[in-house]
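Bear in mind that the values in this text are calculations on the coordinates, not laboratory data. Computed from a prediction, not measured in an experiment: that's the story for all the values here. In this analysis, Cβ positions are derived from the backbone assuming ideal geometry, glycine residues included, and neighbour counts consider all displayed protein chains.
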Amino acid sequence: MLKGIDNRLSADVLYALRAMGHGDLLVVCDTNFPADSIARETVLGELLHMDNLTAAQAIEAILSVLPLDTFVPDFAGRMEVVGEPATVPAVQKEVQEVIDRVDGREARLVGIERFTFYDTARQAYAVIQTGERRFYGCFTLRKGVIPPEG
């Protein structure tokens, strides 16, 4: 345990989040996502786990240390429901609420078509698989910057 660090963040997850640079993409996915095979194609090259957490719980912990990019509209994205891109399932609404509360912006998660999401995930820095069992619990987060003090 470390002071001031959310105990839901493992050493491996903290390492990846710290190693990411401005604009790097993180994928946070549910248990049904082809996480292992896609993670092998990412910069990190291995799958990270936050197994016993919902997507919203994992993202809340991640955002306790990870700033979101303020320079781009796709600072956070969600996998669209197949055939219903405008539908926003409960799991995605929960994550939107976390982002709204933690980040303070009133911007919606950008919808990403399922196969485009897979392709985007392969280009990510890392993939973190959660214990989320609800469908469409898959998200992207783009790392921002921490400004200098003063």
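Between the labelled values [x] -0.36, -0.60, -1.33, -1.49; [y] -0.49, -0.71, -1.16, -1.24; [z] -0.56, -0.75, -1.14, -1.21, the entry that holds log10 I(q)/I(0) by the Debye sum over Cα atoms at q = 0.11, 0.14, 0.20, 0.21 Å⁻¹ as derived from this structure is [x]. Within the chain, the longest segment free of exposed loop sites, counting GluC sites (Glu not before Pro) that fall outside DSSP classes H, G, I, E and B and have at most 16 other Cβ atoms within 10 Å, spans 47-105.
If you plug the beta carbon distance of residue 107 and residue 7 into 1/(1 + (r/R0)^6) with R0 = 25 Å, you get a FRET efficiency near 0.30.
Working out 0.36 nm times the residue gap between residue 22 and residue 71, then minus their Cα-Cα distance, what length gain in nm do you get to one decimal? Write down the numbers at each step before the final one.
Working: separation 49, 0.36 × 49 = 17.64 nm, distance 1.01 nm.
So the chain would gain 16.6 nm between residue 22 and residue 71.
Ellipsoid fit via the Cα gyration tensor, the stretch 61-150: semi-axes of 23, 15, 13 Å, each the root of five times an eigenvalue, largest first. In a DSSP loop and with at most 15 other Cβ atoms within 10 Å, the chymotrypsin sites (Phe, Trp or Tyr not before Pro) in the stretch 1-101 are 71.
Select from 54, 70, 87 the residue whose mean-square fluctuation is largest in a Gaussian network model of the chain (Cα-Cα springs shorter than 10 Å). Evaluated over the chain, the most mobile residue of the options is 87. What is the sum of charges, Lys and Arg at +1 and Asp and Glu at -1, for the other residues whose Cβ falls under 13 Å from the Cβ of residue 39? Around residue 39, the surrounding residues sum to -2.
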